[in-house]
Structure formats: C-alpha cells, structure tokens
C-alpha cells in the first residue's frame, strides 16, 4: 500500500483511539489505498482540533469538490472527544450506520460520522471501538456464537449470539501489569522486556488456582529475587501469568465449551491464547486491523 | 514525653525503616524519655551516613564518656542498609540479641547492634522489623498461638506457635491500592481520601467471593462513575475492599478458628479488623509503637 498523490478516496475508515489515530483512505473497490498512523489520539486533542487533524492527514485524498465520507469508531465519540456519540445499550447488535452521529464540519468536503460505543448497565461496563471490531468479526461470520477476546491494556471479553453483543466484561490486567512492572517495589525485580513461556505458564496456573493470593504471589517474586536470584525475565513472565491466569479463570463460564476468537496478532494476543490453551480451550487468533476495517466497511455499506 | 536537654539515656531503641527512622532514648526505668521521628530512612542514606545521622539526633542523650547502647531493627540491617544483619530462617523464634550484628562506629560513645530480619524459603518471603514487633507481642503473651497481622504498604501475616514464627506471608495489597488510586485510569474515579464503610464492606464481600475478577471489578468502578456517577469516596473504599477482601479470603486457613492480633491502631489496621469481622473473625488490635518498643526492650534485656 503506497502513499499516492491526489488519488481521491471513495471514503475514509477511521479508528480514533485515546492515544492513537489510524486512517484508511479506501478505494472504490473496497481495498484501502494506504494506512495513515498518527499520534493525534483523543487525549492530545481538544474538540475543535479534530477537523483540522483530519484535513491535514487527508489532503492527498480529497477531491476538489466531491464530498468525502469519513466513518469513525473509538474515543472520538466520547464525551471528551470530538462529539459525543451516545452509547448503545447491550444486549444489542454492534451499532452500525443507523446509530452513527453526524458531526458538523466547517469544510464542506468532509462528511463525518462517528459510530457509538456500547454500554452495559449491570455490571457497569463500556466500550468504544471494540464494538466495531465485533461488527467486523460478525461481517465474516454472521452466525458466530461464542466469546470474542480483544486484548489490550484494558482487555474486553464480549459474548456474542445471534448477531448481538449479549454482554461483556473489561479487565484492566494489562494496566495492572504495567503499574507493577514500572512503578511498584517489583520494578527492579521484573525485566523491562523479554519473555519466558514456561514461567508465564507457571504464573497462569498459580493465578488460576489461587487468585486471592495475587498480592502475596507478586511480593514473592521480590523475595525470590532477593533470596534465590530469580531471573528478571522469568519474574516478568510469571507476574504476567498471575494476572492472565486469574482473568481466564474468572471467565471460565464464558469460554468453556464455546467458540473463542482473539482479535489481534501481537504478543499479548498470543499470551491470551497460551493462557487459554493451558485450560484446554482453543482460540482462533484473528487480525485486529482486518476486523476493524471490516466493521467500518459494514457500517459504510449501510450508508449507500 | 518532653524533649529534655542533656539527659543521658540508658540505651536507645531504634526502628530504622525504608523511608522513616524512629528513635526512643530510654530511661533507666525502661520508659522512653521521648520519641524522635526522622525522614532519614534507609532509602535516603548511604552506608557511611548512618553513624552521623544517629549522632546528630542523639546528641542530647549522649553522656560525655559513657557508652550508649543502640539497638536497631528494620531495613538498616539490609544489604543496602548500614550493615547486613543476615536473616534468621523461619521456623524460628523472633531473633533476639544473640542474633544481633554489632556495627563498628568511629565514635566510641556508640555501641550499635542491628537485629536481623527473618526469611522463609518456601514460599520465598522476607521481613525486617516486623520480627521485632512479633517479639514484642510475645513478650506480653509468651504463650500466644495464632496469627499476627502487621498492616502496611506490604502487610505481613505471621503464624506464631510455641514462641516461634512458624511461617509468614507478605501481601502488597496496600501498594496495589496506591498504584491504582494514584497512577491508573481510576485515578480520577477514586477520591484521594475519605472513607465509606458500607462501600468498603461491599468491596470486601466481592473481593472474597470473586477474587479472580479483581481487574474487572476495578474497571467496573470507572464504568460506574461514567454511567452512574459513582461517588468517588465510595469508589475509593470499594477498591480498597476488593483488595482486602481477597487478602482475608486467601488467608482463611491461617485465621479461621485461631487468635488474631493486628499490630497498629491507624485506619488501615481498622480496615483489616473490619474485613476480618465481616468473615466472622474477631481480632485484637494492639498498638504498633508499644510492641516495637517491647520487642527492642526484650532484645536489650538479653544484653545485660
């Protein structure tokens, strides 16, 4: 995917997250012309900076008079974003174009829509962006019945049946891991990077078997480093295993005997697959970018 | 306890922690002349700064030619402290004077001893300072048979029988709480201070019943704040409850049907007492300063 000069795009798919912005100018054939990555995420923008950000990045893809449809998902639709796109309430299908919020722009060449997130009343939970990835999974597997895991700093587990999001749960295990490894007394005990699969698997087993002992198991890594020179990479993987082992155990009722799809092909997605496999569950790992594009394309298809 | 000028002390009791230093010049009658608090904890000192720190703080209590015994417990005896006082290995009685390390000083008016900490091989764990508080509890109750909880950033639970520390476990729940409330996505959801006992108790119940869901329950506070305007003080107390509820649950085998003593009279000690009471356990809360002094005094009594 090269970066061509002044090739008007048919429309633009946008994933506007908290810290990152990703745009795909789309060709008339439904294939992206390229991908544009930017650090202009929600957290770095005020509401009036969004339009200029889009115009600057999309200049090569704007025609001189044609109107360019821009379909966004993610935090741009939050209260602190560009314009609030009120949540749909689960259980519901992943919100599509009929639930989108049209955002006013000064430049008439842009026609911007933001897809809403999904909220759940009890237990309280929210998502913005992941619902569009769910739509993407469903675009390829309309009959999917199972649970979709979207790993990240805040991992979402989404139960899907008959085309609907029936419920979901967010785990901030990834953030806990970052806090523990960077800011706690363990920061000198855990290596800043590196991986040890056997140590991770040990950690998963401990986390699943004795989740209430998390705070003790973590301190134990520090003590083991002090007394037995525990390897920092093993310590890092074990700590991660404690947290993912707990998470997988907590969700046993969701994944046991059901289809599991993990969205994302990076290391963290692989760690989730490993942790699930330890418990006897097989997950299909699918490409996050592909499902995001499929979800945004499905919404776009309802516009035209 | 006033701060008298030039009253020679009989000896000095010292609790030298990571971030704080506390000294009690003792009268000949075994009663402290006063208490001196300082921020010259281990983490702010190099090994050669300890003696000068003591001299500066103890000047009013030094005789012109007499030798002053100084008995320390805590992190001053760690590898990164003044001089390493090698750990005693549990099961063992709380280390007393016969296990102390004599530290060389340039000033002949000081005779300094550091009491060692205690280590445990499996599961790996360590303490420095708390063992002297255990000695203090035992000084008053030599026949104590039960579990002693020493709350803090890193809470210790110590099993005691027939005058020995039979085993112990450290939980860094307090540090996790600080990280979550100050550095995580929840930092705007949790009030920086304030307390709500009912919310804390709710949190304890959830943490005990579903410990594996910690990372989900924490994110739920953020979602509840977003969707239902959850009160930040209630959110703070609930988060604390999740962590303590887990901890109490993990230790059920230690405290159930046994005597429980909590060392410390501050808010955190009270929170532990509340969390235990919710599970039907009654704990005796005892003053931390008194047991520290009793432990140091018991060691001193073996010297003379």
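The values are calculated or read from the model by the stated rules, or taken from the named source; none is laboratory data. These figures come from a predicted structure and were not determined experimentally. Ideal geometry is used to build each Cβ from the backbone, glycine not excepted, and the neighbour counts take in all protein chains shown.
When you look at residue A:85, is it buried (at least 17 other Cβ atoms within 10 Å of the Cβ), touching a strand residue (DSSP E or B) at 6+ places or on another chain (Cβ under 6 Å) and not in a loop (DSSP other than H, G, I, E, B), yes or no?
Details: buried (at least 17 other Cβ atoms within 10 Å of the Cβ): yes; touching a strand residue (DSSP E or B) at 6+ places or on another chain (Cβ under 6 Å): yes; not in a loop (DSSP other than H, G, I, E, B): no.
Judged against the criteria, residue A:85 is not a match.
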Problem set entry | All positions within region A:218-265 that are without any contact (Cβ under 8 Å) to a residue 12 or more places away in the chain and part of a loop (DSSP other than H, G, I, E, B) | A:229, A:257
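I need the full set of residues from region B:61-82 which are more than 21 Å from residue B:133 (Cβ to Cβ) and surrounded by 16 or more Cβ atoms within 10 Å (Cβ to Cβ), in order please.
Filtering region B:61-82 for residues more than 21 Å from residue B:133 (Cβ to Cβ) gives B:61-68, B:79-80.
Within region B:61-82, B:61, B:62, B:68 meet the criteria.
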Exercise. Considering region B:170-190 alone, what residues qualify as being at the interface with another protein chain (Cβ under 9 Å from one of its Cβ atoms), buried (at least 24 other Cβ atoms within 10 Å of the Cβ) and not in a helix (DSSP H, G or I)?
Worked result: B:170, B:171, B:172
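Given the structure, is residue A:145 assigned by TED's automatic domain parsing to the domain that holds residue A:169, surrounded by fewer than 17 Cβ atoms within 10 Å (Cβ to Cβ) and in contact (Cβ under 8 Å) with a residue 24 or more places away in the chain?
yes
Answer yes if at least one residue in region B:196-207 is under 30 Å from residue B:118 (Cβ atoms), within 10 Å of another protein chain (Cβ to nearest Cβ) and in contact with a helix residue (DSSP H, G or I) (Cβ under 9 Å, 6 or more places away or on another chain), and no otherwise.
So far as region B:196-207 goes, yes, one or more of its residues are under 30 Å from residue B:118 (Cβ atoms), within 10 Å of another protein chain (Cβ to nearest Cβ) and in contact with a helix residue (DSSP H, G or I) (Cβ under 9 Å, 6 or more places away or on another chain).
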For this session: Quick one: which residue in B:55, B:21, B:62 is modelled with pLDDT under 95 and in contact with a strand residue (DSSP E or B) (Cβ under 8 Å, 6 or more places away or on another chain)?
Result: B:62
Exercise. Touching a helix residue (DSSP H, G or I) at 6+ places or on another chain (Cβ under 9 Å), away from every other protein chain (no Cβ under 14 Å) and not in a helix (DSSP H, G or I): does that describe residue B:148?
Worked result: yes
Exercise. If you go through region A:238-259 one residue at a time, do you hit one that is in contact with a strand residue (DSSP E or B) (Cβ under 8 Å, 6 or more places away or on another chain), modelled with pLDDT of 95 or more, surrounded by 21 or more Cβ atoms within 10 Å (Cβ to Cβ) and away from chain B (no Cβ under 14 Å)?
Worked result: no
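Out of the residues in region B:110-129 that are within 13 Å of another protein chain (Cβ to nearest Cβ) and in a strand (DSSP E or B), state the one that is farthest from the chain's Cα centre (by Cα). Please lay out each step first, then the result.
Quick first cut of region B:110-129, residues within 13 Å of another protein chain (Cβ to nearest Cβ) only: B:117-128.
So of that shortlist, the ones also in a strand (DSSP E or B) come out as B:118-120, B:125-127.
On the way: B:118: 13, B:119: 15, B:120: 17, B:125: 15, B:126: 12, B:127: 9 Å.
Of everything passing the filter in region B:110-129, B:120 is farthest from the chain's Cα centre (by Cα).
With away from every other protein chain (no Cβ under 14 Å), under 27 Å from residue A:87 (Cβ atoms) and crowded, with 24+ Cβ neighbours inside 10 Å as the only criterion, which of A:155, A:132 stands out? If you could, list the steps in order and put the result at the bottom.
Working: A:155 fails: away from every other protein chain (no Cβ under 14 Å).
Just one listed residue meets the conditions, A:132.
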For this session: Just give me the residues in region A:217-232 being at the interface with chain B (Cβ under 7 Å from one of its Cβ atoms), surrounded by fewer than 24 Cβ atoms within 10 Å (Cβ to Cβ) and within 17 Å of residue A:200 (Cα to Cα), in sequence order.
Result: A:224
For this session: Working carefully through the options B:294, B:269, B:277, B:281, find the one that is closer than 27 Å to residue B:12 by Cβ and either in the same structural domain as residue B:236 (by TED's automatic domain parsing) or free of Cβ contacts under 8 Å to residues at least 12 places away in the same chain (or both).
Result: B:269
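Is it true that residue B:181 is at pLDDT 95 or above, more than 25 Å from residue B:13 (Cα to Cα) and over 18 Å from the mean Cα position of the chain (by Cα)? Steps first, answer last, please.
Values: at pLDDT 95 or above: yes; more than 25 Å from residue B:13 (Cα to Cα): yes; over 18 Å from the mean Cα position of the chain (by Cα): yes.
Yes.
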Exercise. Any residue at all in region B:94-109 that is part of a loop (DSSP other than H, G, I, E, B), out of contact with any helix residue (DSSP H, G or I) (no Cβ under 9 Å at 6 or more places or on another chain), within 14 Å of chain A (Cβ to nearest Cβ) and surrounded by fewer than 16 Cβ atoms within 10 Å (Cβ to Cβ)?
Worked result: no
For this session: Considering every residue within region A:78-99, establish whether at least one is over 23 Å from the mean Cα position of the chain (by Cα) and either assigned by TED's automatic domain parsing to the domain that holds residue A:22 or closer than 20 Å to residue A:11 by Cβ (or both).
Result: no
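Return yes or no: is residue A:153 touching a helix residue (DSSP H, G or I) at 6+ places or on another chain (Cβ under 6 Å), assigned to a loop (DSSP other than H, G, I, E, B) and in the same structural domain as residue A:239 (by TED's automatic domain parsing)? Break it down into steps so the answer makes sense when it comes.
Working: touching a helix residue (DSSP H, G or I) at 6+ places or on another chain (Cβ under 6 Å): yes; assigned to a loop (DSSP other than H, G, I, E, B): yes; in the same structural domain as residue A:239 (by TED's automatic domain parsing): yes.
Yes.
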Problem set entry | Options A:4, A:32; residue that is surrounded by fewer than 22 Cβ atoms within 10 Å (Cβ to Cβ), at pLDDT 95 or above and not assigned by TED's automatic domain parsing to the domain that holds residue A:147 | A:32
Exercise. For residue A:58, are the conditions met, namely being under 25 Å from residue A:128 (Cα atoms), assigned to a helix (DSSP H, G or I) and either more than 23 Å from the chain's Cα centre (by Cα) or touching a residue at least 24 places away in the same chain (Cβ under 8 Å) (or both)?
Worked result: yes
